[in-house]
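The values are calculated or read from the model by the stated rules, or taken from the named source; none is laboratory data. Just so it is clear, the structure is predicted and the values come from calculations on it, not from any experiment. All Cβ positions, glycine included, derive from the backbone under ideal geometry; neighbour counts span all protein chains shown.
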Amino acid sequence: MVTAFLLFGCSPKEEQKNALGDFRLATLEGESIDLGKYQGKRVFINVWATWCKPCVQEMPTIAAAMKEVEGSGVVFLFASSEEAEEIIGFRDRRGFPFDYVRLLNLEALSIQALPATFIFDKDGNLVYGEEGFRDWSDPENMKYIRPTAE
């Protein structure tokens, strides 16, 4: 039952309170990522998996959103808890222009469904968090991504 829940996603989870510093990320080469280097930028973290159909369906909409806000200082990170080889194989087959990273502490973040998206303001405060598919290219959803006068 839990597996089906993960495969199909869910509605927004308002009690999700993860902070940017709660995410433990690493490059695909295994180097730890210091999230402090994104201070002053809006950060969009999409948690996904290669086997997750809604995750893959969401990716073209995120690619379109990335193009829309290109040059505006938004950082997009695509975090999977899968092994680097699995992520690299997916990246090479799919060709999305994403910054793929490894999520080292999925369980600690209490994420119940994939995809899950978290958007942080320039100070690292969570401004949006949701589990489940969303069409990020929709103009109504772009308001969550665009940097505002923060």
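Of note:
- 2 or more residues under 17 Å from S137 (Cβ atoms) and at pLDDT 95 or above: qualifying strands (runs of 3 or more DSSP E) within the stretch 24-126: 42-47, 74-80, 116-120
- Applying the condition of being among the β-branched types (V, I, T) and touching a helix residue (DSSP H, G or I) at 6+ places or on another chain (Cβ under 7 Å) to the stretch 48-100 and asking which residue is surrounded by the most Cβ atoms within 10 Å (Cβ to Cβ) yields V74.
- Take the conditions (1) buried (at least 16 other Cβ atoms within 10 Å of the Cβ); (2) farther than 16 Å from G40 by Cα; (3) not basic (K, R); D135 misses just one of them, which is (1).
- Each residue in the stretch 108-121 was checked for being closer than 15 Å to G21 by Cα and surrounded by fewer than 16 Cβ atoms within 10 Å (Cβ to Cβ), and 2 of them qualify.
- Tallying residues that are aliphatic (A, V, I, L, M) and closer than 11 Å to R134 by Cα within the stretch 45-66 yields 2.
- A count restricted to the stretch 80-100 and to residues that are of a type outside the set (D, E, K, R) and touching a Phe, Trp or Tyr at 6+ places or on another chain (Cβ under 7 Å) stands at 4.
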